[in-house]
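Trainee: Dropping the structure in here first, questions after.
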Amino acid sequence: LGEDGSQGWLRYAPAAKGCKSQQVPSAIVALNSTKISPVYTAGKELQRGLRSILGKAVDLTTGGRSNSSAIVVGTVDAYNTAYGSVSGVEDLEDDGYLLSTHDGSVVILGRNQRGALYGAFEYLSQVARNNVTSGSSYISNPQVPIRWTNEWDNMDGSVERGYGGASNFFRGGYVVDNTTRAAEYARLLASVGINGVIINNVNANATLLSDRNVEGLGRLADAMRPYGVQLGISLNFASPNATLGTFDPLDPKVDAWWANITNQIYKKVPDMAGYLVKANSEGQPGPLTYNRTLADGANMFARAVEPHGGVVMFRAFVYDNHISYANWTSDRANAQLEFFQPLDGKFDENVIVQIKYGPIDFQVREPASPLFAALHNTSTAIELQVTPEYLGQNCHFVYLAPLWKEILDFDLRADNKSSMVKDIVSGQRFKRPLGGYAGVPGAGTNTTWLGSHMAMSNLYAYGRLAWDASLGSEDILEDWTRLTFGSDQIVLDTINDISMKSWPAYENYSGNLGVQTLTDILYTHFGPNPASQDNNGWGQWLRAGNVTIGMDRTIENGTGNAGNYPPEIAEMYNDIDKTPDNLLLWFHHVPYTQRLKSSNETVIQHFYNAHYAGAASAQTFVQQWESLKGKIDHERFEHQLFRQTYQAGHSLVWRDSITQYFYNLSMIDDESDRVGNH
Ligand code: GCU
């Protein structure tokens, strides 16, 4: 097969002979399109895909009569002008598509050009999976307007928490000259419905706003625009300081400075999606420096982009990283609510508060952030990390869709009513006009994009879930596997099995019962180091002693965090008998001998058992992957085998370090004689 990994899931591998999807039209009409428009891209992509999958050269025209066996792709308006009024599109929304296949003719329509492109990618996905249903017609609309990635690329060319090589966007302090890679990335993202990319790190550098770089932003936006992907940028809150000597958001000079630079950017990037802002977090500057509120800060940017139709994603990841370990009521997990709940309703309409899925920081298991349920008059987005910073950094493989779905499907019961996180961020629950998804992929120049071929299922799943969170993790995975590795049943079953076992395995050998990932938190975020978590101001505490362990987040005795949730959920988390075992140590401080409700094991025995089970599971992934030899191409087989082998070994390091650590603290022997002094 000899595959170029950089195509990701868009390989368009040749179909097996005799597939029913071979019966595709013999012409493509991309309606009313210019050469840099998403509809033209759709036409080119269809041509490329059909040539590659079916070996069929199909003509592409940009107008003219529809012949009965053509693929017609375009906007509803263009279709109406060309062929007369089309019916059945009343429910079509922005970015959505109608896909209709009848007797060899295919009609793909969007309300806007981007929607038509998404429909074309969906049709190609069906052809590639040999899954075109002739005689069907349906509409697919995205659940949210904001489906973005946040790239954490630094201007020096590195990528924060990225494991796939150097930046695709910056080199040596400037935007890269060659934008080919940016265009290829936009193509991948567009194929799963992503419509915006924040191209630089949330820990932003003010030099992004230099004339040379603003010009560079224009080039990057030009490269991504044919794919309907809008560019956005992260801002350093203190950017005006160098010229004005202040960055006070209520100073009219500062306001004017931001309005001016924003206007300049929009001259180069007329469709810029908006700004992303990390303020007063982990040493970053922000409005609190001037005793202004976070809303004062967010609204300053909102005013600047509003005339241009832009939005501001303002991050809720605001906390003090110097809190007192000695104080049993201090809790980093309370910070979001403390900062943001009083500001509900005070943000401008084009501000979206972007909330990490849990209250701390992308741990292997967290409860959903209570902030989702607390903002009723503010638009919100969920931030998900596609790059597995705390989950093995793509040297281990964890399929993340099940983790994300657990959060998205969680019902926070605001006002005692159904309040699933996915319905809150879609804007539906609190009737908000905006809302969405921000995924942090960590993509780089590596041909695998993320550092491993299997990791791409996470980027794929992120896009699919941002479009429709009701999709099942296994269904998404199956689509990805068919597109990426083909449809051999053994390949499908094996990749499904490894993927669906991967999160439980990693949780088992890294950190159990909601205790967090137990990795090194001070530097690498990689490998076991539970001791790094306690006794410092970062607040990612286990509170692991000789007899007891866990964060007491109860209302009466603890940090009160359980009470940040709406009443029904607060009651569950506040009560040790009702808290699910997998979050026991997140909410409660208990003896190592505390028994679990589900298994009757003690906490310490569960640690031992889980770590052995998780590491054993990681060993089986190697054999399972080896069974794919000859069923997938050699290069990708070997690449992933290397990673699975590493993971298997490293899982033993995890197992032994963590079990020994807790044995040393508790001096309680393992009932199965694996840990301790037997
Ligand atoms: C984590 C991560 C940082 C990142 C931060 C953020 O703490 O380790 O690298 O800057 O999250 O999301 O802002």
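Trainee: Let a ≥ b ≥ c be the square roots of the eigenvalues of the Cα gyration tensor of region 424-543; is it rounded (a/c under 1.5), or, if not, prolate (a/b larger than b/c) or oblate? Please report the intermediate quantities before stating the final value.
Mentor: Working: a/c = 1.92, a/b = 1.28, b/c = 1.50.
Verdict is oblate for region 424-543.
Trainee: Quick one, what does Rg over Rh come out to for region 520-678 if you take C-alpha atoms and the Kirkwood Rh?
Mentor: Here Rg/Rh amounts to 1.06.
Trainee: Could I ask something else about it? If I take the Cα coordinates of region 52-203 and project them onto the principal axes, what are the three extents in Å, biggest first?
Mentor: Here the spans come out as 53, 35, 28 Å, largest first.
Trainee: Specify whether the C-alpha gyration tensor of region 498-593 places it in the rounded, prolate or oblate class, a ≥ b ≥ c being the square roots of the eigenvalues: rounded for a/c under 1.5, otherwise prolate if a/b is larger than b/c and oblate if not. Don't skip to the end; give the middle numbers.
Mentor: Details: a/c = 1.88, a/b = 1.32, b/c = 1.42.
The shape class here is oblate.
Trainee: Quick check on my link table: of K346/K422; K405/K578; K35/K56; K267/K346; K267/K422; K422/K629, which ones sit more than 28 Å apart, alpha carbon to alpha carbon?
Mentor: Exceeds cut-off: K267/K346; K267/K422; K422/K629.
Trainee: Right, something else. For region 295-442, give me the percentage of DSSP beta bridges that are antiparallel, rounded to the nearest 5 percent. Walk me through the intermediate numbers first.
Mentor: Values: 1 of 15 bridges.
Antiparallel: roughly 5 percent of the beta bridges in region 295-442.
Trainee: In nm, give the distance between the simple-model label positions of A242 and Q428, each being 7 Å from the Cα along the Cα-to-Cβ direction.
Mentor: In this crude spin-label approximation the distance works out to 4.6 nm.
Trainee: Additional query: Under 14 Å from the Cβ of A648, count the other residues' Cβ atoms, weight Lys and Arg +1, Asp and Glu -1, and hand me the total. Each step should come with its number before you reach the end.
Mentor: On the way: positive: K501, R643, R655; negative: E626, D656.
Its environment carries a net charge of +1.
Trainee: Give the peptides 154-164, 482-492 in descending order of average Cβ contacts within 10 Å, highest first.
Mentor: Top of the packing list down: 154-164, 482-492.
Trainee: Right, next: Which FRET efficiency, nearest 0.05, do D344 and D94 yield, Cβ-Cβ r, R0 30 Å? Write out the running numbers ahead of the final one.
Mentor: Details: r = 27 Å, r/R0 = 0.90.
So the FRET efficiency works out to roughly 0.65.
Trainee: With label points built 7 Å along Cα→Cβ from the Cα atoms of S598 and K56, find their separation and express it in nm.
Mentor: Inter-label distance under the simple model: 4.9 nm.
Trainee: Could you tell me which residue out of G232, G193, P287 lies farthest along the dipole of region 187-288 toward its positive end? Charges go on the beta carbon: Lys and Arg +1, Asp and Glu -1, centred on the Cα centre.
Mentor: Projecting each Cα onto the dipole axis, the largest value belongs to G193.
Trainee: Still on this structure, please answer the following. With both partners inside the chain, how many of the DSSP beta bridges are antiparallel, as a percent to the nearest 5?
Mentor: On the way: 19 of 64 bridges.
Looking only at bridges with both residues in the chain, the antiparallel portion is about 30 percent.
Trainee: Taking the mean number of other Cβ atoms within 10 Å as a proxy for protection, how do you rank 247-257, 53-63, 184-194 from highest to lowest? Show your work: numbers first, answer last.
Mentor: Numbers: 247-257: 17.3, 53-63: 14.8, 184-194: 24.3.
Going by the mean number of other Cβ atoms within 10 Å, highest first, we get 184-194, 247-257, 53-63.
Trainee: Okay, moving on. Report the local net charge at T378: Lys and Arg +1, Asp and Glu -1, summed over other residues whose C-beta lies under 11 Å from its C-beta.
Mentor: Values: positive: K346, R432; negative: D344, D348, E349.
Value of the local net charge: -1.
Trainee: Ordered by packing density, taken as the mean number of other Cβ atoms within 10 Å over each peptide's residues, highest first, how do 569-582, 293-306 rank? Provide the component values of the computation, followed by the final result.
Mentor: Numbers: 569-582: 16.8, 293-306: 23.0.
Ranked from most to least packed, the peptides come out as 293-306, 569-582.
Trainee: Oh, and also: Please pull out the direction-averaged projected area of region 592-654, using the convex hull of its alpha-carbon atoms, in nm² to one decimal place. Intermediate values should be presented prior to the final figure.
Mentor: Working: hull surface 20.4 nm².
For the Cα atoms of region 592-654, the hull's average projected area reads 5.1 nm².
Trainee: So, R0 is 30 Å and r is the distance between the beta-carbons of Y290 and S470; what FRET efficiency does that work out to, to 0.05? Kindly include the intermediate steps, with their values, before the conclusion.
Mentor: On the way: r = 44 Å, r/R0 = 1.46.
The value I calculate is 0.10.
Trainee: May I pose another question? Could you tell me which of G451, S499, L542 has its Cα farthest along the dipole of region 436-545 towards the positive end, charges placed at Cβ (Lys, Arg +1; Asp, Glu -1), taken about the Cα centre?
Mentor: Going by the charge dipole, the pick is L542.
Trainee: Per DSSP helix of 4 or more residues, -39500 (n - 2.57); summed, then divided by the residues of the chain. What does that give at 222 nm, rounded to the nearest 500?
Mentor: On the way: 19 runs with 238 residues, N = 678.
Rounded to the nearest 500, the figure is -11000 deg cm²/dmol.
Trainee: Under the 0.36 nm per residue contour assumption, what length would be gained going from the current alpha-carbon distance of N535 and R212 to full extension? If you can, show how the numbers build up before the last one.
Mentor: Values: separation 323, 0.36 × 323 = 116.28 nm, distance 4.51 nm.
This chain segment gains 111.8 nm when fully extended.
Trainee: About the Cα centre, and with charges only on the beta carbon of Lys, Arg (+1) and Asp, Glu (-1), how big is the dipole of the chain? Nearest 20 debye, please.
Mentor: Details: 52 positive and 71 negative charges, 359 e Å.
Approximately 1720 debye in magnitude.
Trainee: While we're on this one: Shape verdict for the chain, please, from the Cα gyration tensor: rounded (a/c under 1.5), prolate (a/b greater than b/c) or oblate. Walk me through the intermediate numbers first.
Mentor: Values: a/c = 1.84, a/b = 1.28, b/c = 1.44.
In terms of gyration-tensor shape, oblate.
Trainee: What is the magnitude of the charge dipole of region 115-172 about its Cα centre, with +1 placed on the Cβ of each Lys and Arg, -1 on the Cβ of each Asp and Glu, and no other charges, expressed in debye to the nearest 20? Walk me through the numbers before you get to the answer.
Mentor: Details: 4 positive and 5 negative charges, 40 e Å.
It works out to roughly 200 debye.
Trainee: Right, here's the next one. Calculated FRET efficiency, D156 and D177, Cβ-Cβ r, R0 22 Å, to nearest 0.05? Spell out each step's value before the answer.
Mentor: Details: r = 16 Å, r/R0 = 0.73.
Given R0 = 22 Å and the Cβ-Cβ separation, E is 0.85.
Trainee: On to the next question. Find how much the distance from H308 to T81 grows on full extension, using 0.36 nm per residue of separation minus their present alpha carbon separation; answer in nm with one decimal. All intermediate terms of the calculation are to be shown ahead of the outcome.
Mentor: Details: separation 227, 0.36 × 227 = 81.72 nm, distance 2.91 nm.
Length gained, H308 through T81: 78.8 nm.
Each value in this text was obtained by applying a stated rule to the coordinates, not by laboratory testing. Every value quoted in this text rests on a predicted model; they were computed, and no experiment measured them. Glycine also receives a Cβ, built like all others from the backbone with ideal geometry; neighbour counts cover every protein chain displayed.
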